[in-house]
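Some notes on the structure that comes next.
The values are calculated or read from the model by the stated rules, or taken from the named source; none is laboratory data. Source: prediction; values computed, not measured. No Cβ is skipped: glycine too gets one built from the backbone with ideal geometry, and neighbour counts run over all protein chains shown. Just the protein is used for accessible areas: all its heavy atoms, side chains included, with ligands, DNA and RNA removed. Shrake-Rupley method; radii C 1.70, N 1.55, O 1.52, S 1.80 Å.
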Amino acid sequence: MTAEITRINPPQLHATPGYHHITVVEAGRTAHLAGQCPLDPTGKLVGPGDLDAQIAQVAANAATALNAVGAGPEHVVRSLIHVVSDDVAVLGDAWRRLTASVIGPAFTTASTLLGVARLGFPGQLIKVDLTAALPD
């Protein structure tokens, strides 16, 4: 059975910049991706201090991980984005870059964007956690 995914924005809640307040998955299997970091295949951090380069690497890594389980960004039902910044403009720019990336459709679902003080690797500026409802 293929999972049915419904995305909802109740009219009583505020408008969003592209995500949905609620994502309902009727049935099926799910994949929970570990936080996708801006690391290349050798484990080296890409673009230390360069948010653009890191977003591109995170998006590529997430696309690869989704593909490994037979899914695409359209199957994502939840995203959590961590960006090292407390600047609203930087956070908004990161959101816009992600939604324009190869995994952009992943962020039309239930999504949370957080500004954080630090991530796990020195120089790391972004991490993206995704949950996907797997197609049959």
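The figures follow:
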| quantity | calculated |
| --- | --- |
| Check: the range 14-136 dipole with +1 on Lys, Arg Cβ and -1 on Asp, Glu Cβ, in debye | 140 debye |
| Net +/- balance of residues flanking residue 135 in space, Cβ distance below 14 Å, scoring K and R +1, D and E -1 | -3 |
| Whole-percent carbon and sulfur share, accessible surface of the chain, 1.4 Å | 58 percent |
| Trypsin sites (Lys or Arg not before Pro) within the range 2-63, DSSP loop, no more than 11 other Cβ atoms inside 10 Å | 44 |
| Inter-label distance, nm, simple model (7 Å from Cα along the C-beta direction), residue 100/residue 22 | 3.3 nm |
| Per-residue ³J(HN,Hα) for the range 83-99, Karplus 6.51 cos²θ - 1.76 cosθ + 1.60, θ = phi - 60°, Hz, x for Gly and Pro | 10, 6, 4, 10, 8, 4, 5, 5, 4, x, 5, 4, 4, 4, 5, 5, 5 |
| Rounded Å value of the spacing that divides the Cα centres of the range 1-33 and the range 70-95 | 16 Å |
| Whole-number D in µm² s⁻¹ for the range 1-68, Kirkwood Cα-pair radius fed into Stokes-Einstein, 4 °C, 1.567 mPa s | 87 µm²/s |
| Dipole of the chain, positive end: most advanced residue of 21, 100, 125 [Cβ charges, Cα centre] | 125 |
| DSSP bridge orientation in the chain - percent antiparallel, rounded to nearest 5 | 70 percent |
| Solvent-accessible heavy-atom area per residue, rounded to whole Å², over the chain at 1.4 Å | 51 Å² |
| Dipole in debye (nearest 20) - the range 3-77, about Cα centre, beta carbon charges: Lys, Arg +1; Asp, Glu -1 | 120 debye |
| Angle between the chain longest axis and helix 51-68 axis [Cα atoms, degrees, rounded to 10] | 40 degrees |
| The chain - Rg over Rh from alpha carbon coordinates, Kirkwood radius | 0.98 |
